[in-house]
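Presented below is the structure to which this report refers.
The values are calculated or read from the model by the stated rules, or taken from the named source; none is laboratory data. Since the model is a prediction, treat every value here as computed from it, not as a measurement. Cβ: placed from backbone, ideal geometry, glycine included. Neighbour counts: every protein chain shown. The accessibility values were calculated without ligands, DNA or RNA, using every heavy atom of the protein model including side chains. Shrake-Rupley method; radii C 1.70, N 1.55, O 1.52, S 1.80 Å.
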Amino acid sequence: MKTIAIITGASSGLGKEFVKQIDLDNRLDEIWLCARRKERLEELANNLKHPTQIVEGDVTDPNWLKALAEKLASEQFQIHTLINSAGLGKSGAFSEIGLKENGYIVEVNVLALTQICSICLPYMMNQGRILNIASVAAFLPQANFAVYAASKAYVLSFSRALNQELMDEKITVTTVCPNPMETEFFLHSGQKNKAQSVKNMGLEDVEKVVRMALKKSEKHKDISLSSFISKAIRLVSRIFPHPFILKVEKLIGF
Ligand SMILES: NC(=O)c1ccc[n+]([C@@H]2O[C@H](COP(=O)([O-])OP(=O)(O)OC[C@H]3O[C@@H](n4cnc5c(N)ncnc54)[C@H](OP(=O)(O)O)[C@@H]3O)[C@@H](O)[C@H]2O)c1
């Protein structure tokens, strides 16, 4: 029986850093790297001490999901760590982003993450862990980032409920809620255009976000917040009515 970790979004940013830190974990026999850019995954695999399997493809593709399920069924595997880091966002008016892209954000951030959890769950070992990457955006609705923020609110709600459901099986589900980090996400999401207001909110360090998230999941925590600002945002979201916060976001140009 091989003990494995599966990490989506492993070709870049947070997912790649998770792979590097997970590589130090002696409880694992193998690490599975998932993303579309195969060459990036191969390059990463070459620098790891653990054996790897590359599960290349688009997480929204039913054939990719089927391949993942078949791979898991092909040998005796138990999943120690599942990390859902594949994700994307697009800032801008909902009407301008349009049908295709708005739908794709939900497909990747919500549907694929849910389906991957569903496929992997039967293979999760006792004392295993799932880390689902949300965002501070999960705490508040955000005009001009509406679908992304809503998708991350889903990740938070779903993951917390799943954590409760899996408690008796001693599987921990930790939702990771970072502030903006300077990864490729920043480029793809169009947030570069409002870089200053994002930076004013406080950029987080990728290495620290990952280190804290792994530590929190070891301690069976259901949420990981790794900065003062992210904790403050969560507090604000609990104190003030969301319509009021939306007005303040507009006033400060966020
Ligand atoms: N950076 C931030 O400011 C920030 C803040 C809070 C939360 N987050 C969240 O953190 C997570 C990781 O983001 P990041 O900052 O590391 O961004 P990133 O550097 O752009 O990485 C995104 C990863 O997701 C993968 N991915 C995207 N769409 C995919 C698809 N359809 N199928 C398979 N893989 C896909 C990408 O791989 P390929 O392109 O190779 O497929 C890449 O490895 C995301 O869930 C994001 O929402 C980011």
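Listed here are the residues, each with its yes/no results for (1) in contact with a strand residue (DSSP E or B) (Cβ under 6 Å, 6 or more places away or on another chain); (2) polar (S, T, N, Q); (3) more than 24 Å from A213 (Cα to Cα).
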site: S11; (1), (2), (3): yes, yes, no
site: G15; (1), (2), (3): yes, no, no
site: D25; (1), (2), (3): no, no, no
site: C34; (1), (2), (3): yes, no, no
site: N46; (1), (2), (3): no, yes, yes
site: S74; (1), (2), (3): no, yes, yes
site: Q78; (1), (2), (3): yes, yes, no
site: K90; (1), (2), (3): no, no, yes
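So how many residues does region 134-153 have that are in contact with a Cys (Cβ under 9 Å, 6 or more places away or on another chain) and either more than 11 Å from the ligand (Cβ to nearest atom) or open to solvent by 20 Å² or more (accessible area, probe 1.4 Å) (or both)?
Within region 134-153, the first condition is being in contact with a Cys (Cβ under 9 Å, 6 or more places away or on another chain), and the residues that meet it are 134-139, 152.
Filter again for either more than 11 Å from the ligand (Cβ to nearest atom) or open to solvent by 20 Å² or more (accessible area, probe 1.4 Å) (or both), leaving 139.
Count: 1.
Restricting region 31-43 to residues that are open to solvent by 10 Å² or more (accessible area, probe 1.4 Å) and touching a residue at least 24 places away in the same chain (Cβ under 8 Å) leaves a set whose member that is farthest from the ligand (Cβ to nearest atom) is R40.
For A67, the stated conditions do not hold, so it cannot be described as open to solvent by less than 30 Å² (accessible area, probe 1.4 Å), modelled with pLDDT of 95 or more and within 13 Å of the ligand (Cβ to nearest atom).
To keep it simple, each residue is scored yes or no on (1) of a type in the set (D, E, K, R); (2) outside any helix (DSSP H, G or I); (3) within 12 Å of the ligand (Cβ to nearest atom); (4) at negative phi.
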residue	(1), (2), (3), (4)
L99	no, no, no, yes
V106	no, no, yes, yes
L111	no, no, yes, yes
I116	no, no, yes, yes
M125	no, yes, no, yes
N132	no, yes, yes, yes
V155	no, no, yes, yes
E165	yes, no, no, yes
D168	yes, no, no, yes
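Only one of (1) within 30 Å of K170 (Cα to Cα); (2) in a loop (DSSP other than H, G, I, E, B); (3) among the hydroxyl-bearing types (S, T, Y) fails for T81. Which number is that? Here T81 clears every test but (2). The listed residues are F244, F186, and the only one of them that is within 19 Å of the chain's Cα centre (by Cα) and either over 24 Å from P122 (Cβ atoms) or at pLDDT below 95 (or both) turns out to be F186.
Taking each residue of region 213-240 that is under 20 Å from K20 (Cβ atoms) and looking for partners that are modelled with pLDDT of 95 or more and charged (D, E, K, R) with beta-carbon atoms closer than 6 Å, six or more apart or interchain, yields S217/R129; S224/K216; S226/K208. The sole residue among A213, A161, A150 that is within 13 Å of the chain's Cα centre (by Cα), at pLDDT 95 or above and either outside any loop (DSSP other than H, G, I, E, B) or not polar (S, T, N, Q) (or both) is A213.
Answer yes or no as to whether A138 is of a type outside the set (V, I, T) and part of a loop (DSSP other than H, G, I, E, B). No: the conditions fail for A138.
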